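**Student:** Once you've had a glance at the structure underneath, I'll fire off some questions.
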Amino acid sequence: MYILKNAMLSIKRCYGRSILLGIIICIIAVSSCISLTIKSSSDILVDSYIEDEELVVSFEIDRGKLQNASNVDKNNFSALDVSLVKEIANSSLVSDYYYTLEVSMSSDAIDCIDDSFIEVNDDDNKKRDNNGFPNKFSNMGDYRFTAYSNFSYLEDFVNGTKKIIEGEFLDNDSSKYQLIISEDLSQKNNLTVGDTVKFYYPSNSKKTYKFTVVGIYSYTSNNDDFSFMPGNLMNASNQIYTNISSISKILSDNPSSDVDGFKRISNNDGLKAKFILSDDLAIDQFKDEALNKGLSSYYSLVTNQEEILNSLKPIKNISNFSLSFLVLTLIVGAIVIIGVNIINIRDRKYEIGVLRAIGMSKFHIILQLVSEMFIVSLISLVIGISIGTLSSQGVTNKMLEKEISSYQSDIQSIQDNFGGQDKFSFRSKDNRNTLNMFMNSSNNYIDKLIVSTDFKVLAFVFLISLVLTIISCFISVSFISRYEPNKILQNRI
Amino acid sequence: MCILKICDGSFSYDRKKLILNNINVSFKRGVCYGIFGKSGTGKTTFLSLLAGLDTLTSGCIFYDGNDISKMNKDKYRSNDIGVIFQSFNLLPHLTALENVLLAMDISNNRSRNKKQDALSLLKKVGIDEVKAKRRVLHLSGGEQQRVAIARALSYNPKVILADEVTGNLDKDTERDIVDILKRLAHDDDKCIIIISHSDYVKENVDKVLFLKSGNLKEN
Ligand SMILES: Nc1ncnc2c1ncn2[C@@H]1O[C@H](COP(=O)(O)OP(=O)(O)OP(=O)(O)O)[C@@H](O)[C@H]1O
Ligand SMILES: [Mg+2]
């Protein structure tokens, strides 16, 4: 009991060294608190992101494999078509799907935009299509007609690159020939909403299709992706969106007469299908299912898994960085604490010598020094952890606040992009999903996230400091054991 | 009654030059001894051997019939023997009172009013309550010496070793201190061993011993 009393006295009277030790422990506690909170919050974010991120699967023709196939096989090859897409989508593994149809068209009634070096800004379909273009280069038409089975997957409108500025969006349920055109195209040809334009399939100029302009979109490029493919088709201003029924009609009116396998493929190349799987682990099962339903084995499966992992890289980097920062803090902190303790004990050689000379046992002296360290560590830990918790909470809150408000403005503007309609249930993709989750369960979720992390962090920091204190205590013990009272006293005189 | 006894005691710091050479001497309770000798002859060394702070190179020291090398040294120092060091060896961050109380605590003194005992003890050696509550660093050399004496007496040991106990004191105080120590020997049946250069001490102790070339001799 008197040992504890003496320890307190010693801390009080020699507060200089206690404060030094306390500040060091405080700093270690604060920085490990912050880095641990950042680490665990980012880990939770990564986990929820992976859990929520949709696994998107599509099928692409393995052209190399098909090229090497025998002629019989080539002839037997059947390309993916809309009915097969629907059949494949009809599976418990698929939570949602969409497909796009694309066809290039020509028109004598209007002029296309034809400056040669133009920025291409469209969804990734177009970029992938580049491989296929040389085949139909000679007769490709000027306008790219694209239709989405579910327009809420039309990325350009979701992310605001494109925006309806006049009229309204397309209606997939309508059997009319509808289209929306770019601002540039409408200005060049003096087209307004309600006007009709005749288009024809490039290889069949006799049959024309009368389309009604239902909307005009503007587009702002925020991406520096240049295409070096010449041709009007690649000009983003010549991009026309239409409904599925129109393209289906055009495609069925113009079946490929060619027996050659490649021509047939390119004819159906306008079809792209994406399947959103409900279970990340079901990829192989899904592929088997699709093959059983009649998908040609010349298709290979493409997923966005890598993309998901790539998009997680920055947050994972933060997590890793904070972990290394934590380890560094602890190593440096441990060295400093041990060093300070050793210096403290060397400084107190005389005191230890006196205590030994008046008969205090080594064990009791060690007990006193250890309790001093524990008291100082405990107090500075409480202070350090409180500071660390408060500041890390502030930092995390601020981070999330920013993300949430940017999300809120997003939702509003997505509706604006589609011409103010909310007939599509907006699907959130990419990192919006995680935020969506935050939003749906309101801010409570954030609070819970932080609080639960803090509790874990608190226990961890506490444990670490305890270990550090114990280590330095052992070192002090080994020092004290070497001291003989007479030697210490004689050295001092 | 023989409380301390040294048999064939020899000691050397460097295993070459013997500072103490084959000493045979015994100390009794109720007697106040004075050990004299030129500076550097090994008086403090002899005292630290008696206090169990160092061990003889050869020979034995018996306390109350027990070989102290086989005793628990901590308990021996904290209960059986009181040492007033030549350089006081007080704890500078504590007050005079706290220094005395600490020694009492270490000796496992279970008395209820330790504080009162300590204060009256300090008063006895001339430290009033105001000074008792001052840190020892803020006391004069002579006052520090008295605190050291009070500390040595605080746990009521049977043997008290006093090294240069009157070196920092004026004649009157020296007289007081020697008086106190003598009374402890005569009234409380303690064994007092004073190391000194002072003539007053030489004239007033019960028995005078000289340390010369490693040997303790009477007269
Ligand atoms: N730790 C040590 N190592 C080696 N030699 C020592 C040590 N301590 C003391 N000595 C030597 O031993 C001798 C005796 O020293 P000691 O302190 O016992 O003398 P002393 O009689 O008390 O002198 P004084 O009257 O000046 O206090 C001295 O010559 C001293 O130099
Ligand atoms: Mg001496």
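**Student:** Select from region A:298-350 those trypsin sites (Lys or Arg not before Pro) which occupy a DSSP coil region and have at most 14 other Cβ atoms within 10 Å, ordered by residue number.
**Tutor:** When the trypsin sites (Lys or Arg not before Pro) of region A:298-350 are filtered for loop state and at most 14 Cβ neighbours within 10 Å, nothing remains.
**Student:** Count charges around B:N204 for me, please; just the other residues with Cβ under 9 Å from its Cβ, Lys/Arg as +1, Asp/Glu as -1.
**Tutor:** Values: positive: B:R175, B:K182, B:K202; negative: B:D179, B:E203, B:D206.
Net local charge, B:N204 excluded: 0.
**Student:** Let's see if you can work this out: charge +1 on each Lys and Arg Cβ, -1 on each Asp and Glu Cβ, no other charges. What is the dipole magnitude of region B:2-77 about its Cα centre, in debye to the nearest 20?
**Tutor:** It works out to roughly 140 debye.
**Student:** What is the percent carbon and sulfur in the accessible area of region B:164-204, measuring with a 1.4 Å probe over the protein chains and ignoring ligands?
**Tutor:** Whole-percent figure for carbon plus sulfur exposure: 34.
**Student:** Next question, about the same structure. Would you calculate the separation in nanometres between label points at A:L328 and A:I475, each defined as 7 Å from the Cα along the Cα-to-beta-carbon direction?
**Tutor:** Going from the A:L328 label point to the A:I475 one covers 2.1 nm.
**Student:** Taking the Cα centre of chain B as origin and charging only Cβ (+1 Lys, Arg; -1 Asp, Glu), how large is the dipole, in debye to the nearest 20?
**Tutor:** Here chain B has a charge dipole of around 360 debye.
**Student:** Also, I was wondering about something else. Work out from phi, with θ = phi - 60° and the Karplus expression 6.51 cos²θ - 1.76 cosθ + 1.60, the ³J(HN,Hα) of each residue of region B:197-212, listed in order in whole Hz, and give x for Gly and Pro.
**Tutor:** Values per residue, Gly and Pro as x: 10, 7, 5, 4, 5, 4, 7, 9, 6, 6, 9, 10, 10, 10, 9, 9 Hz.
**Student:** Give the calculated FRET efficiency between A:L390 and A:I19 to the nearest 0.05, with a Förster radius of 22 Å applied to their Cβ-Cβ distance. Mind dumping the intermediate values first?
**Tutor:** Numbers: r = 21 Å, r/R0 = 0.97.
Computed FRET efficiency for A:L390 and A:I19 comes out at 0.55.
**Student:** Another question about this same structure. At 1.4 Å probe size, with the rest of the protein present, what percent of the exposed accessible area of region A:18-121 is carbon and sulfur atoms?
**Tutor:** Using a 1.4 Å probe with all protein chains present, region A:18-121 comes out at 51 percent carbon and sulfur.
**Student:** Quick one: of A:K162/A:K249; A:K249/A:K293; A:K176/A:K206; A:K65/A:K287; A:K362/A:K456, which pairs are farther than 28 Å apart, Cα to Cα?
**Tutor:** A:K362/A:K456
**Student:** Right, something else. Which of B:I127, B:I68, B:C32 sits farthest toward the positive end of the charge dipole of chain B, with +1 on the Cβ of Lys and Arg and -1 on the Cβ of Asp and Glu?
**Tutor:** The residue sitting farthest along the positive end of the dipole is B:I68.
**Student:** Measure off 7 Å from each Cα along the Cα-to-Cβ vector at A:F455 and B:F210, then give the distance between these two points in nanometres to one decimal.
**Tutor:** Going by the 7 Å Cα→Cβ label model, 8.3 nm.
**Student:** Any idea of the total accessible area buried by the A-B contact, 1.4 Å probe, rounded to 100 Å²?
**Tutor:** Between A and B, the summed buried area is about 2100 Å².
**Student:** When we measure straight from the Cα of B:K17, which lysines land under 22 angstrom away, once same-chain ones fewer than 8 places off are left out?
**Tutor:** Reachable lysines: A:K487, B:K38, B:K43, B:K212, B:K217.
**Student:** A further question follows. For A:Y241, what residues show an amide H to amide H distance below 5 Å, using hydrogens built from the backbone and excluding near sequence neighbours?
**Tutor:** A:T146, A:I180
**Student:** A follow-up question, please. Only helical DSSP H runs with n ≥ 4 go in: add -39500 (n - 2.57) per run for chain B, normalise by residue count and round the 222 nm mean residue ellipticity to 500 deg cm²/dmol.
**Tutor:** Estimated from H runs of four or more residues: -9500 deg cm²/dmol.
**Student:** Which value in nm describes the separation of the simple spin-label points at A:V302 and A:D108, placed 7 Å from the Cα toward the beta carbon?
**Tutor:** Placing both labels 7 Å beyond Cα along the Cβ direction yields 3.7 nm.
**Student:** Along region A:93-107, what does the Karplus equation 6.51 cos²θ - 1.76 cosθ + 1.60 (θ = phi - 60°) give for ³J(HN,Hα), rounded to whole Hz, x for Gly and Pro?
**Tutor:** Result, rounded to whole Hz: 7, 9, 8, 7, 7, 7, 9, 10, 10, 9, 8, 9, 10, 10, 8.
**Student:** Run the dipole for region B:100-219 about the Cα centre, Lys and Arg Cβ at +1, Asp and Glu Cβ at -1, nothing else charged, and hand back the magnitude in debye, nearest 20.
**Tutor:** Dipole magnitude for region B:100-219 comes out near 540 debye.
**Student:** Now, a different point. If you count, for every residue in B:87-94, the Cβ atoms of partner chains within 10 Å of its Cβ, what is the mean?
**Tutor:** Going residue by residue through B:87-94 and averaging, the value is 6.
**Student:** What are the ³J(HN,Hα) values, in whole Hz, obtained from phi via the Karplus relation 6.51 cos²θ - 1.76 cosθ + 1.60 with θ = phi - 60°, for each residue of region A:378-395 in sequence order, with x given for Gly and Pro?
**Tutor:** 4, 4, 6, 5, 4, 5, x, 5, 5, 4, x, 5, 4, 6, 6, 5, x, 4
The values are calculated or read from the model by the stated rules, or taken from the named source; none is laboratory data. Note that the coordinates shown come from a computational prediction; the quantities given were computed from them, not determined experimentally. Cβ atoms come from the backbone with ideal geometry, glycine included; neighbour counts cover every protein chain shown. Side chains are part of the model used for accessible areas, which takes the heavy atoms of the whole protein and leaves out ligands, DNA and RNA. Shrake-Rupley method; radii C 1.70, N 1.55, O 1.52, S 1.80 Å.
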